[in-house]
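J.: The structure that follows is given in the form of structure tokens.
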């Protein structure tokens, strides 16, 4: 039941090979680079090197949360981890906070928020689509179960999932929250709905995929004279480098 990552020991291609499997009986790591039986992996140390059936050296280790969210099964597209981590910084999420998530999707940001608020905090996550919510719950449990097998302390069970459109369901939130993350088709409407349940002075971060939505959001804030300030509109970029010493 533990998640593992397999990657080539020597990465000489521009395309980085990195793939995730879940350990179980009668299964194997299988790729174009060869096969490794799960029975040869279970009980070994993470980071050990294995020789595949084709003679390729491959490292098997545990995935980071970033790698897990990129490799896990998805129904909805997820914000990239670089965007999730930037949102966490903007929200200034701390252990013990209660945070709202509007648009659970496949559960990537849910996991990042869960880690940030810790054992004493809470993530309240809304999605109107049942299939999205079910996939997010499965990914969340899969990560929790895998974490438990390799850590002395359990991953916090601190997420409440609601199948509902938050625009019409804010009554499910019983007290003021420390922040909100909106990843939805209509953030301009969602913002107006969640404002009353966010503590004064706290941050609402929106993951928006195109500039049209940004313009609509800003226009809605001005039109309805909402008591918020648009502090930043930014695009997060990472540049990967392939370093191959001669």
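Since every read-out is calculated from the coordinates, none of them should be taken as a lab result. Not measured: the values here are computed from a predicted model. Glycine also receives a Cβ, built like all others from the backbone with ideal geometry; neighbour counts cover every protein chain displayed.
J.: Between residue 160 and residue 246, what length in nm is gained on full extension when 0.36 nm per residue of separation is reduced by their alpha carbon distance? Before the final figure, lay out the partial values.
T.: On the way: separation 86, 0.36 × 86 = 30.96 nm, distance 5.17 nm.
Additional length available on full extension: 25.8 nm.
J.: What does the convex hull of the alpha-carbon atoms of segment 67-223 project to on average, in nm²? Each step should come with its number before you reach the end.
T.: Numbers: hull surface 36.2 nm².
With the hull built on Cα positions only, its mean projection is 9.0 nm².
J.: Under the definition of Cα pairs under 8 Å and six or more residues apart, what whole-number percent is the relative contact order of segment 67-223? It would help to have the intermediate numbers written out before the result.
T.: Working: 267 pairs, mean separation 37.3, N = 157.
Result for segment 67-223 is 24 percent.
J.: Return the calculated 222 nm mean residue ellipticity for the chain, to the nearest 500 deg cm²/dmol, obtained by summing -39500 (n - 2.57) across DSSP H runs with n ≥ 4 and dividing by the residue count.
T.: Numbers: 6 runs with 70 residues, N = 246.
The helix contribution divided over the chain gives -9000 deg cm²/dmol.
J.: Then there is this: Quick one: if the Förster radius is 30 Å, what FRET efficiency do residue 130 and residue 202 give, using the C-beta to C-beta distance and rounding to 0.05? List each step's numbers first, then the result.
T.: On the way: r = 30 Å, r/R0 = 0.99.
Calculated transfer efficiency: 0.50.
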